[in-house]
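Engineer: First the structure, then my questions, so here it is.
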Amino acid sequence: MEPISRPEWASPIEAGVHVRSFYSAMPERQTRDVLQALRSDPKLLGFLEKHELGRLEFSGQLPHPSWMGSFDRHSRDLVVNAFRAPESYGKEFYPPELPSVSAAGRNLVEAMQRSLYHELGHTILDVAGPELERQVGKLLWSGRAAPVSIRARKEPVEYFCETFAAYRFEDTLADKDPEGYDMIEEILRDVWKR
């Protein structure tokens, strides 16, 4: 299914304020439900006002069909997979075996919310800059980090993005990865000011 321009469905996101354009290949109710997660995140919305995304899209148009989302740092386009397989979510939040934080979403909407936050993590880290990215890498490779998913173990950028999604959706993050929790808090304090 092709994504269609749907700026009227994007609330609390506004085209021309937070994103250049908004497209969805999903029904209206599901689209609005995914974006509902942003309603209780005024600091993130304020960040997006200062650091506008390009095209935000909910579709299946990703570089690889198995991807749950993508972020292009040059265009700032962000796509979340709206057609992921049911077996890609509904998992227990058990970091040693969890493929990704989005896999712990109970249903498609929750999985997409988590993927949206993961991809927004890329834009946050992009604004944070290379020095903070290096610090994330030092933490990941130090042995003090307890990555929240298999994907988070791969590289510093993925560690940050997965931990950011868990920070938003998992109440137990501070217990499971205290160093990662503190890292997210420190980076967000810095980035929200920019």
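Engineer: Report yes if residue 109 is closer than 25 Å to residue 5 by Cβ, outside any helix (DSSP H, G or I) and among the hydrophobic types (A, V, I, L, M, F, W, C), otherwise no. Give the steps one after another, and end with the answer.
Structural biologist: Values: closer than 25 Å to residue 5 by Cβ: yes; outside any helix (DSSP H, G or I): no; among the hydrophobic types (A, V, I, L, M, F, W, C): yes.
Considered against the rule, which asks whether it is closer than 25 Å to residue 5 by Cβ, outside any helix (DSSP H, G or I) and among the hydrophobic types (A, V, I, L, M, F, W, C), residue 109 comes out as no.
Engineer: Continuing with the same structure: If you check 47, 93, which single one turns out to be in contact (Cβ under 8 Å) with a residue 40 or more places away in the chain and over 15 Å from the mean Cα position of the chain (by Cα)?
Structural biologist: Values: 47 fails: over 15 Å from the mean Cα position of the chain (by Cα).
Answer to the selection: 93.
Engineer: Among the residues in the stretch 92-105, are any in contact with a Gly (Cβ under 7 Å, 6 or more places away or on another chain), surrounded by fewer than 22 Cβ atoms within 10 Å (Cβ to Cβ) and not in a helix (DSSP H, G or I)? Give the derivation first.
Structural biologist: Going through the stretch 92-105, the residues in contact with a Gly (Cβ under 7 Å, 6 or more places away or on another chain) turn out to be none.
The answer is no; no qualifying residue exists.
Engineer: State all residues of the stretch 164-187 that are part of a helix (DSSP H, G or I), touching a residue at least 60 places away in the same chain (Cβ under 8 Å) and closer than 22 Å to residue 34 by Cα; if no residue qualifies, say none.
Structural biologist: Answer for the stretch 164-187, where residues must be part of a helix (DSSP H, G or I), touching a residue at least 60 places away in the same chain (Cβ under 8 Å) and closer than 22 Å to residue 34 by Cα: 165, 166, 168, 169.
Engineer: Let me ask something additional. Out of the stretch 1-44, which residues are among the acidic types (Asp, Glu), more than 17 Å from the chain's Cα centre (by Cα) and either within 18 Å of residue 112 (Cα to Cα) or in a helix (DSSP H, G or I) (or both)?
Structural biologist: Initially, the stretch 1-44 is screened for residues among the acidic types (Asp, Glu), giving 2, 8, 14, 28, 33, 41.
The next check asks that each one be more than 17 Å from the chain's Cα centre (by Cα); those that pass are 2, 8, 14, 28.
Those that are among the acidic types (Asp, Glu), more than 17 Å from the chain's Cα centre (by Cα) and either within 18 Å of residue 112 (Cα to Cα) or in a helix (DSSP H, G or I) (or both): 2, 8, 28.
Engineer: Can you confirm whether residue 82 is among the small types (Gly, Ala, Ser), surrounded by 16 or more Cβ atoms within 10 Å (Cβ to Cβ), touching a helix residue (DSSP H, G or I) at 6+ places or on another chain (Cβ under 9 Å) and over 30 Å from residue 190 (Cα atoms)? I'd like the intermediate steps shown before the answer.
Structural biologist: Values: among the small types (Gly, Ala, Ser): yes; surrounded by 16 or more Cβ atoms within 10 Å (Cβ to Cβ): yes; touching a helix residue (DSSP H, G or I) at 6+ places or on another chain (Cβ under 9 Å): yes; over 30 Å from residue 190 (Cα atoms): yes.
So residue 82 fits the description; yes.
Engineer: I'd like the residue in the stretch 112-136 that is more than 15 Å from the chain's Cα centre (by Cα) and part of a helix (DSSP H, G or I) and, out of all such residues, is nearest to residue 15 (Cα to Cα). Steps first, please.
Structural biologist: The initial filter retains those residues of the stretch 112-136 that are more than 15 Å from the chain's Cα centre (by Cα), namely 128-136.
When the remaining residues are screened for being part of a helix (DSSP H, G or I), the result is 128, 130-136.
Working: 128: 24, 130: 29, 131: 31, 132: 29, 133: 29, 134: 33, 135: 33, 136: 32 Å.
It comes out as 128.
Engineer: Let me ask something else. For residue 84, are the conditions met, namely being in a loop (DSSP other than H, G, I, E, B), within 22 Å of residue 149 (Cα to Cα), touching a residue at least 12 places away in the same chain (Cβ under 8 Å) and under 16 Å from the mean Cα position of the chain (by Cα)?
Structural biologist: Working: in a loop (DSSP other than H, G, I, E, B): yes; within 22 Å of residue 149 (Cα to Cα): yes; touching a residue at least 12 places away in the same chain (Cβ under 8 Å): yes; under 16 Å from the mean Cα position of the chain (by Cα): yes.
Spelling it out, residue 84 is indeed in a loop (DSSP other than H, G, I, E, B), within 22 Å of residue 149 (Cα to Cα), touching a residue at least 12 places away in the same chain (Cβ under 8 Å) and under 16 Å from the mean Cα position of the chain (by Cα).
Engineer: So residue 161 clears everything in (1) in contact (Cβ under 8 Å) with a residue 40 or more places away in the chain; (2) over 24 Å from residue 39 (Cβ atoms) except one condition, right? Which one?
Structural biologist: The number of the failed condition is (2).
Engineer: Are any residues in the stretch 141-172 buried (at least 17 other Cβ atoms within 10 Å of the Cβ) and polar (S, T, N, Q), and if so, which ones?
Structural biologist: If the condition is that a residue be buried (at least 17 other Cβ atoms within 10 Å of the Cβ) and polar (S, T, N, Q), then 149, 163 are the ones that fit.
Engineer: OK, next. Testing residue 56 on (1) in contact with a strand residue (DSSP E or B) (Cβ under 9 Å, 6 or more places away or on another chain); (2) under 24 Å from residue 172 (Cβ atoms), one condition comes back false. Which one is that?
Structural biologist: (2)
Engineer: Search the stretch 143-157 for residues being assigned to a helix (DSSP H, G or I) and without any contact (Cβ under 8 Å) to a residue 24 or more places away in the chain, and hand back the single one that is farthest from residue 124 (Cα to Cα). Walk me through how you get there before you give the answer.
Structural biologist: Filtering the stretch 143-157 for residues assigned to a helix (DSSP H, G or I) gives 151-153, 156-157.
Then drop every residue that is not without any contact (Cβ under 8 Å) to a residue 24 or more places away in the chain, which leaves 153, 156.
On the way: 153: 19, 156: 13 Å.
Selected residue: 153.
None of the figures in this text is laboratory data; all of them are computed from the coordinates on show. Because the structure is a prediction, the values reported are computed rather than measured. FYI the Cβ positions are ideal-geometry reconstructions off the backbone, even for glycines, and counts take in every protein chain you see.
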